[in-house]
């Protein structure tokens, strides 16, 4: 081996050892950064039951604060085809409780005939009907001013009309012809008629 090539060989050996050491150090750092614990997996949570507004004549479904048309006011509407999470139903199944943001408690109720429920719903005890804040009262003094007393009046008495007596016509016996026409006038008349008949017969014979 030449003395001139010995330093070159030693330098190459040194470079090789240095590079090997650095690569081992880098691999050790990479392995140190890999977590040893288990990586959690993300799983989806099922949405649950939903209520879909059916097609109806009015084109929407009223959303009320409680399961009744009386005592609970309308807090919003849902258009046909709208889908909302359904939370429960009344015991008879007439009303469906839904999630409705923007109202107290974030829940409301809709009539079951207007929606189609997909999924199973538990029975929920409906809230009590709210009592009116102001109970209407009538001031007796004010009411007395509008009370008008009507004095009793006697009913008219009915007096029957006297019986109707129809007059009975009196029929007088007819007078005879002889009492009204003189007998002599009758005889003269018969004589004239006889003469007139004789004259006609005579003229006819000629």
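The values are calculated or read from the model by the stated rules, or taken from the named source; none is laboratory data. Keep in mind that what you see is a predicted model, and the values were worked out from it rather than measured. With ideal geometry, Cβ positions are generated from the backbone for all residues, glycine too; neighbour counts draw on all protein chains shown.
Restricting attention to segment 82-126, the residues that are more than 19 Å from residue 71 (Cβ to Cβ) and part of a loop (DSSP other than H, G, I, E, B) total 8.
Only one of the listed residues (107, 84, 117) is surrounded by 14 or more Cβ atoms within 10 Å (Cβ to Cβ), closer than 19 Å to residue 48 by Cα and touching a residue at least 40 places away in the same chain (Cβ under 8 Å). That residue is 117. In segment 52-80, what count of residues is obtained for those that are in contact with a strand residue (DSSP E or B) (Cβ under 6 Å, 6 or more places away or on another chain), in a loop (DSSP other than H, G, I, E, B) and either more than 21 Å from residue 127 (Cα to Cα) or modelled with pLDDT of 95 or more (or both)? Counting residues in segment 52-80 that are in contact with a strand residue (DSSP E or B) (Cβ under 6 Å, 6 or more places away or on another chain), in a loop (DSSP other than H, G, I, E, B) and either more than 21 Å from residue 127 (Cα to Cα) or modelled with pLDDT of 95 or more (or both) gives 2.
Residues that are part of a strand (DSSP E or B) and modelled with pLDDT of 90 or more occur at least once in segment 39-51.
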